[in-house]
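The values are calculated or read from the model by the stated rules, or taken from the named source; none is laboratory data. Computed from a predicted structure; not experimentally measured. Cβ placement follows ideal geometry from the backbone for every residue including glycine, while neighbour counts extend to all protein chains displayed. Heads up: the accessible areas ignore ligands, DNA and RNA and are worked out on the full protein's heavy atoms, side chains in. Shrake-Rupley method; radii C 1.70, N 1.55, O 1.52, S 1.80 Å.
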Amino acid sequence: MKYVITSVAIIGIALLILLAKSLSNTDLISSDTFRFLVALSVFFVFSLIILIAIQVFRLLQSVKKEIIGSRLTLRLVLSFGLMVLIPVSIVYLVSVNFLTKSIESWFDVRVESALEGGLTLGQKTVDILVNDIELKGKSIAYSLSNTLPEKRQSLLIDMREKFAIQDAVLFNKNGSINLISSSREVLIPPLIDNDDIKKASNGYFIKIEFSDNIETGDKEIFLKAFIPVDSNKSQQKNVLDVSSQQQILMLTQPIPRSIANIAVSVESVYEEYQQLTYSRNSLKIIYTLTLTLVLLLAILSSVAISFILSRKFSRPLAMLADATKEIAKGNYKKFIPESGKDELGVLVKSFNSMTSQLDFATKNAKKNRKSLEEARSFLEIILTNLVTAVIVIDNSKKIRLYNKSASKMLNFKSGNAEGKLLSNAIKNKKLYGGLLKFIEEYLGNPKKSMKQISAEFKFEHNQKEQIIILQVSPLAEKVAGSYVLVIDDITMVTKAQRQIAWGEVARRLAHEIKNPLTPIQLIAERIQHKFSKKLNKEDSGILDKSTTTIVKQVNALKVMVNEFSEYSRTPKIQKKKLDIKQLLEEVVDLYTNKSFLITLNLKKDSIFIEADENKLRQVLINIFDNAKDALRNIENPQMMVELEQKINKVVIVIKDNGIGIPKNIINRIFEPYVTSKDNGTGLGLAIVKKIIEEHNGTIIIKNLVKIGVKITIILPTKNLN
Amino acid sequence: MMAYFMHYLKSKIYIYAVLIIFLFSGNINGFEGEKSIEIKDFSFKKNENSYSIEFVQKIKLSKKIKSAINKGIPFNFKIVCKVFSKNNFWFDEKIQQVELFYRIKYKALKKVYEVHGVYDKKKEFNALEEAIKSLNIVKDWNLNLKNKSNVYKYYIVLQVKLDKKKLPKPLQVNFFDKSWSIESRKYEYLLERLT
């Protein structure tokens, strides 16, 4: 559109120049061309009006749609339009007024009167001269007609000289010269038209002829008088005389040059003045029309150009506004093309620089935020997966942060505990009363709360023992008033330590006790063998009884030492593919027909695991032995064995309806030397647990609700099946 | 059929031409002058080596024009004679165009009306009516027509008009003032094959 507007504006201006030229240059541009130019100008005016109307319509539509920059463009267009309209209109009005007045000033009644007077004066002068030559001609003609032909020449000369006539020629009726007299030295024989002869035959007449002096270039006016000359008297004397026919006297008299020049000038000026007079209205109309077209084209072209300029000016601002919106939305990639070195260019450049800086800063911030989030996420993952419970509390004992282990370890109430008081977050306040009291005391003591302290707590709940270590530390200055509680559940560690200690004890016992047992037994047997026959019956009886007791006790000690030895041995299991179902069936077979009923709940298919067959057999035998002991003196004694395969593991469940395990030892039942049996070493289940753990499995032992025990063994299968 | 179509097309072209002219010149052409010159008694003669035409033109001048003549403004007239050969299947071909100029001017000093042009030499008249009357009959206007063997119908378009190019410039370009547009309508005279 801007090319169209520019083209139309340029063509319009070119037209105006041509139009202005056409008024002054007659040869260059004809009236038809002028008319065509006017028509073309009108066409362009209308074209511009249509174009501007379209532009205005579009602009208003843009304003209505609230397109960025449209209001500014409208404002600029109005400003430019007014800037042009006001001065151009003033110039136009002044010009039209001035022009009209100027044209009117050319015409003045006095000037016209003076010109008319001059012309009349010229006419009167010519009339006087015409009358003068007429009288002179008549006089000469009369004299000639009354003079004899032979005397006419001298008469003609005399009278011409007397009347100061330039040329006097007497023509015959056929146009031939009869007599001639001239004041000029060189005379070109004059000619007479037949029309003049005919006309003169009917009576005299005067002709006024205009000519240009070739030498001086001045206008010359000649008066020519044609007068018929009668030959009445001469005819009377000689009728045969040629000259007796009617002749024509032609007198030629120039009007004095000064008068002629003035008269011709006055006539010429008068004619030009009259032409101007008639052209007056036309001039006014044409000039007004031209000026109007100039005004319209100038204004319309300016308005049209103002659209282009306004758009050019407002475009960077609109782009800036648009880009600002984009930036507000968070798009820092918006780049405005730089143009020009003016303030707008500088603004655009600065904006682009600012945008790129913002982009860079945002990217950095995003990167930092991402790193922070990653770090936080990392920390969260660590905290979540940390076995150690971590709780951050403030001065008022409100939880600011805690991890999953904390919730699990201290048995938090369901829901988010953040913001709650620690004591309110814990379900069993009574159980953890000591812990809460310790924390309260720590926070209540300013000196104490500046340091890091730790304490161990032991809880028992639902047949389970829990040992924890609490470590309380104040946080750094930036988060002053906050404390971090790090709680470690050391129940298992304690148990393991206990196990290790027992292992060591067992190993030492086995080593220290086992060695002297065999010689003791052998010596006891030898004493019995050697001295029983030498002693009397009574003494022999005492000896036998004593040595038998020694041997028995030594055997018992051997059993105990073996068990200790077994418990303390270094793990040396030899895993191989084992059908656990088959093993279970074999062990169960050993105990069939005993004093209790065994219910075997196995699936048909074999289940294979990687395990040491002998060790697992020992585990099962230990458990079955314990069950057998527990079922003694029980009515309707029963055992139930189940084998179930789950994903990557097998679960063996052994239940009995025996006497169960006393509550006071159930938590430590897997510890060595913990037993409910009178003659038990307390190492059976400890060995069982050790073997199971060596197979990366777990064993859980629980008293059933009413009666009996349930032992669950879980062993990994490693996808063997 | 073709002739009818061409006739239709020509008539349409005329309409289009008028429309285009109107579009480009607005209503400027609406200011054409009234037809103040009438042509009649047209005759076409074949001379020995040429063709000549003869007609009578009746010029009626308004008071304004007469007054302008009396004020010394020269009036130049132009007689335009165009000869066309008729073509039923295409646009008519202009064979020839001849123009004849004459001029009436009042000489204030001499108090006579000079008539130039139509006649061999200048003629002077004491009264304007006489001068105009002297222009009425145009005769023996020779046209050097070229014959065309394949053309059978000719027509002459004759128009007399004031030669506005000779008027003072402001009067030439003032198309709003129709009083300065003196012209006859275009007279068409159909001729048979030129022999």
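Among A:ILE248, A:LEU383, A:PHE210, flag the residue with its Cα farthest along the positive direction of the charge dipole of the protein assembly as shown, charges on Cβ as +1 for Lys/Arg and -1 for Asp/Glu. Ranked along the dipole, the leading option is A:LEU383.
Can you flag which of A:LYS64/A:LYS334; A:LYS408/A:LYS437; A:LYS408/A:LYS429 are past 23 Å Cα-Cα? Walk me through the numbers before you get to the answer.
Details: A:LYS64/A:LYS334 25 Å; A:LYS408/A:LYS437 20 Å; A:LYS408/A:LYS429 14 Å.
The answer is A:LYS64/A:LYS334.
Label-to-label distance, A:LYS464 versus A:LYS663, with points set 7 angstrom from Cα along the beta-carbon direction: 1.7 nm.
In order along region A:83-98, the phi-based Karplus estimate (6.51 cos²θ - 1.76 cosθ + 1.60, θ = phi - 60°) of 3J(HN,Hα) comes to 4, 7, 4, 5, x, 5, 5, 4, 4, 4, 4, 5, 5, 4, 4, 4 Hz; Gly and Pro are listed as x.
For region A:12-170, the Cβ-based charge dipole about the Cα centre amounts to some 1020 debye (Lys, Arg positive; Asp, Glu negative; other atoms uncharged). Total lysine pairs in region A:167-234 at Cα distances under 20 Å, for residues eight or more apart or on different chains: 11.
Around the amide H of A:SER676, modelled in the peptide plane, lies no amide H under 5 Å away from a residue 5 or more places distant or on another chain. Between amide H atoms placed 1.01 Å from N, distances below 5 Å from A:LYS207 occur with A:LYS224, A:ALA225, A:PHE226, all of them 5 or more places distant or on a separate chain. Here the scattering of region A:606-658 is modelled by Debye summation over its C-alpha atoms, one equal scatterer each and no solvent; at q = 0.29, 0.30 Å⁻¹ the log10 of I(q)/I(0) is -1.15, -1.19.
With unit charges on the beta carbons (Lys and Arg positive, Asp and Glu negative) and the dipole taken about the Cα centre of region A:291-344, which residue among A:VAL303, A:PRO337, A:LEU293 sits farthest to the positive side? After comparing all options, I get A:PRO337.
Put simply, the C-alpha atoms of region A:597-721 give a gyration tensor, and the ellipsoid matching it has half-axes of 25, 18, 12 Å, longest first.
Residues whose amide H falls under 5 Å from that of A:MET639, counting only those 5 or more places apart or on a different chain, are A:LEU597, A:ILE598, A:THR599, with hydrogens built in the peptide plane. Simple point charges give the picture: +1 on the Cβ of Lys and Arg, -1 on the Cβ of Asp and Glu, and for region A:359-508 a dipole about the Cα centre of about 160 debye. Between A:THR324 and A:PHE457, the contour length at 0.36 nm per residue exceeds the Cα-Cα span by 41.6 nm.
Placing unit charges on the Cβ atoms of the charged side chains and taking the dipole of chain A about its Cα centre, the candidate lying farthest along the positive direction among A:VAL77, A:ILE453, A:ALA556 is A:ALA556. Of all lysines in the structure, the ones whose alpha carbon falls short of 24 Å from that of A:LYS333, not counting any fewer than 8 places away in one chain, are A:LYS312, A:LYS325, A:LYS341, A:LYS349, A:LYS363, A:LYS366, A:LYS367, A:LYS370. For region A:429-479, the ratio of Cα radius of gyration to the globular rule of thumb 2.2 N^0.38 Å stands at 1.34.
Report the far tail of the P(r) of region A:514-646, meaning the percent of Cα-Cα pairs longer than 17 Å.
On the way: 6302 of 8778 pairs.
The proportion of pairs with Cα distances above 17 Å equals 72 percent.
For every helix of n ≥ 4 consecutive DSSP H residues, a contribution of -39,500 (n - 2.57) applies; sum these over chain A, divide by its total residues, and give [θ] at 222 nm rounded to the nearest 500 deg cm²/dmol. Here the helix-only value at 222 nm equals -20500 deg cm²/dmol.
Please compute the net charge surrounding A:ILE490, taking Lys and Arg as +1 and Asp and Glu as -1 over other residues with Cβ under 12 Å from its Cβ. Before the final figure, lay out the partial values.
On the way: positive: A:LYS458, A:LYS495, A:ARG498; negative: A:GLU456, A:GLU465, A:ASP488, A:ASP489.
Summing Lys/Arg as +1 and Asp/Glu as -1 gives -1.
Probe radius 1.4 Å, ligands and nucleic acids ignored: give me the carbon and sulfur share of the accessible area of region A:381-469 as a rounded percent.
Looking at region A:381-469 in its full context, I get 51 percent from C and S.
Within chain A, the longest run free of exposed loop sites, counting GluC sites (Glu not before Pro) that sit outside DSSP helix and strand states (H, G, I, E, B) and have at most 13 other Cβ atoms within 10 Å, spans A:419-634.
Each residue of region A:629-644 was assigned a 3J(HN,Hα) from its phi angle through the Karplus expression (A = 6.51, B = -1.76, C = 1.60, θ = phi - 60°), giving 4, 6, 8, 5, 6, 10, 6, 6, x, 9, 10, 9, 10, 10, 10, 9 Hz with x at Gly and Pro.
With only the Cα atoms considered, chain A has a convex hull volume of 400 Å³ per residue.
Give, ordered by residue number, each residue of region A:252-281 whose 1.4 Å probe accessible area is reduced by a minimum of 50 Å² on adding the remaining protein chains to the chain alone. Hits at the 50 Å² cut-off: A:GLU267, A:GLU271, A:GLN275, A:TYR278.
Please give the total accessible area that chains B and A bury against each other, computed with a 1.4 Å probe and expressed in Å² to the nearest 100. It would help to have the intermediate numbers written out before the result.
Working: alone 12410 and 43500 Å², together 52820 Å².
Counting protein atoms only, the buried area is about 3100 Å².
Separation of region A:459-473 and region A:517-575, taken as the distance between their Cα centroids, equals 46 angstrom. Of all lysines in the structure, those lying under 16 Å Cα to Cα from B:LYS63, and not within fewer than 8 positions of it along the same chain, are B:LYS35, B:LYS71, B:LYS105, B:LYS178. The Stokes-Einstein estimate for region A:259-410, based on a Kirkwood radius over Cα pairs and taken at 20 °C with 1.002 mPa s viscosity, is a diffusion coefficient of 87 µm²/s.
Taking a quarter of the surface of the convex hull around the Cα atoms of region A:452-594, what do you get in nm²?
Numbers: hull surface 75.9 nm².
Value for region A:452-594: 19.0 nm².
A straight Cα-to-Cα reach below 22 Å connects A:LYS604 with the lysines A:LYS576, A:LYS577, A:LYS581, A:LYS646, A:LYS649, A:LYS655, A:LYS718, residues fewer than 8 places away in its own chain not being considered. Backbone N atoms of region A:674-718 closer than 19 Å to the 7 Å Cα→Cβ label point of A:ASN428 belong to residues A:701-705. Counting only protein heavy atoms and using a 1.4 Å probe, the accessible area of A:SER95 comes to about 40 Å². For region A:73-118, applying the loop criterion from DSSP together with a ceiling of 16 other beta carbons within 10 Å to the chymotrypsin sites (Phe, Trp or Tyr not before Pro) yields A:PHE107.
If both residues of a DSSP beta bridge must be in region A:585-693, then about 60% of such bridges are antiparallel.
The trypsin sites (Lys or Arg not before Pro) of region A:251-348 that meet both conditions, a loop assignment by DSSP and at most 16 other Cβ atoms within 10 Å of the site Cβ, are A:LYS333, A:LYS341. Give me the angle, in degrees from 0 to 90, between the Cα long axis of helix A:343-385 and the longest principal axis of the Cα atoms of chain A, rounded to the nearest 10. Long axis of A:343-385 versus the principal axis of chain A: about 10 degrees. With both labels modelled 7 Å from their Cα along Cα-to-Cβ, the A:ASP539 to A:GLU338 distance reads 12.7 nm.
The 1.4 Å probe gives accessible areas that order A:ARG160, A:ARG507, largest first, as A:ARG507, A:ARG160.
The magnitude of the dipole of the protein assembly as shown, with charges of +1 and -1 set on the Cβ of Lys/Arg and Asp/Glu and taken from the Cα centre, is near 3840 debye. Within the accessible area of region B:33-72, the carbon and sulfur atoms contribute 44%, probe 1.4 Å, all protein chains present. For region A:99-108, backbone phi angles converted through the Karplus equation (6.51, -1.76, 1.60; θ = phi - 60°) give residue-by-residue couplings of 4, 4, 5, 4, 5, 4, 5, 5, 9, 9 Hz, Gly and Pro being listed as x.
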